[in-house]
């Protein structure tokens with residue numbers, strides 16, 4: 001019987017050449033895994049992580065009553081470089097610590113994950129790559145780079161690149177953090193608390209939709225007021241490292257699945273390489289990964305089906321167990337993909 005206990009492990013990659021031309025020294029990829037590979041080695045599922053989230057945040061997608069069943073699949077959650085679990089500004093020594101951490105791309109993340117699959121999981125075939133937000137961007141990067149290895153892709157609340165308005169949104173939250181005088185250009189001696197609180201408050205207004213606040217849906221999360229919700233976002237960001245937030249924000253802001261040595265910024269060619277069964281699932285009320293952009297991307301992917309999430313929860317709708325109806329719709333799409341049904 002396959003083990004049902006999560007294991008947390010590190011893949012030590014050594015010195016990692018990056019697309020920016022720098023090298024990340026002593027690179028390490030933290031990942032969570034549950035279940036075992038089968039004999040044909042074709043039951044691997046990858047769930048890359050999202051912005052500001054630890055690997056455990058994807059675990060609610062998995063279970064005996066989910067299509068992502070650890071009794072049938074070997075499920076791996078690789079953590080984004082820079083997010084605090086894998087190599088990051090907060091846990092890297094020497095001149096690459098803090099603001100010296102090099103720029104890391106979607107391509108760098110996926111190429112490191114590919115090495116993990118090759119060296120730790122015996123170059124298994126991937127039944128599904130599935131992710132929310134930046135996790136979805138990584139899933140699409142996997143799809144275009146390795147169509148022969150990836151059987152299916154599910155991407156929620158994301159696009160294949162960071163579109164201009166999305167970049168402007170990120171400039172706003174970045175400014176809220178870095179305007180704190182105690183940030184000291186990343187060389188802070190103590191956490192820039194005021195900047196982190198401001199970052200969380202500004203972000204909360206983008207993460208949910210106008211309808212979420214209009215209909216007072218914060219009550220569904222157990223909050224008695226908007227102020228309670230905002231304090232929660234403050235506290236969540238006070239627990240994160242400022243340089244980590246900025247490192248991954250940079251990965252997101254420059255995110256483009258064609259910006260790599262394979263496609264050389266030919267965006268249409270990168271989209272066209274996604275030929276496997278794929279579900280593109282934006283939230284209809286997402287304020288930054290907007291459904292119109294996702295639909296445009298989907299039209300360029302030969303294997304893709306556009307399956308929007310009709311929700312008042314904005315971007316949050318695409319996350320694991322964030323909102324019941326959306327969660328069930330996402331798992332239903334995963335079930336179809338794993339069963340080999342593209343539509």
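No value in this document is a laboratory result; all are computed from the given coordinates. Since we're looking at a predicted model, the values are computed, not measured. Glycine also receives a Cβ, built like all others from the backbone with ideal geometry; neighbour counts cover every protein chain displayed.
Quick notes
- Legend: ranking of residues 157, 298 from fewest to most surrounding C-beta atoms inside 10 Å; resulting order 298, 157.
- Value of Rg to Rh for region 148-208, rounded to two decimals, is 1.17; Kirkwood radius and Rg both from alpha-carbon coordinates.
- All-pairs Cα distance distribution in region 166-250, expressed in whole percent, bin size 5 Å: 3, 15, 24, 23, 15, 12, 6, 2, 0
- Region 277-324 - percent relative contact order, Cα under 8 Å, separation 6 or more: 45 percent
- Calculated from the structure at hand, Cα extents along the principal axes in Å is found among (1) 68, 48, 37; (2) 73, 44, 38; (3) 55, 49, 43 as (3).
- The alpha carbon centroids of region 134-172 and region 281-343 are separated by 12 Å.
- Most mobile listed residue (15, 293, 69) in the chain, GNM with C-alpha springs under 10 Å: 15
- Average Cα contact separation per residue, the chain, under 8 Å, 6 or more apart, as relative contact order %: 18 percent
- Region 166-250 - percent relative contact order, Cα under 8 Å, separation 6 or more: 32 percent
- With the alpha-carbon atoms of region 60-118 aligned to their principal axes, the span from lowest to highest coordinate is 46, 22, 16 Å, starting with the largest.
- Sorted by Cβ neighbour density within 10 Å, fewest at the top, the residues 234, 325: 325, 234
- For region 190-343, the spherically averaged projection of the C-alpha convex hull amounts to 10.7 nm².
- Computed Rg/Rh of region 36-157, alpha carbon atoms with Kirkwood Rh: 0.98
- Averaging 1/r across all pairs of distinct Cα atoms in region 279-343 and inverting the result yields a Kirkwood radius of 12.0 Å.
- Helix-only mean residue ellipticity at 222 nm for the chain, each DSSP H run of n ≥ 4 adding -39500 (n - 2.57), per residue, nearest 500: -10500 deg cm²/dmol
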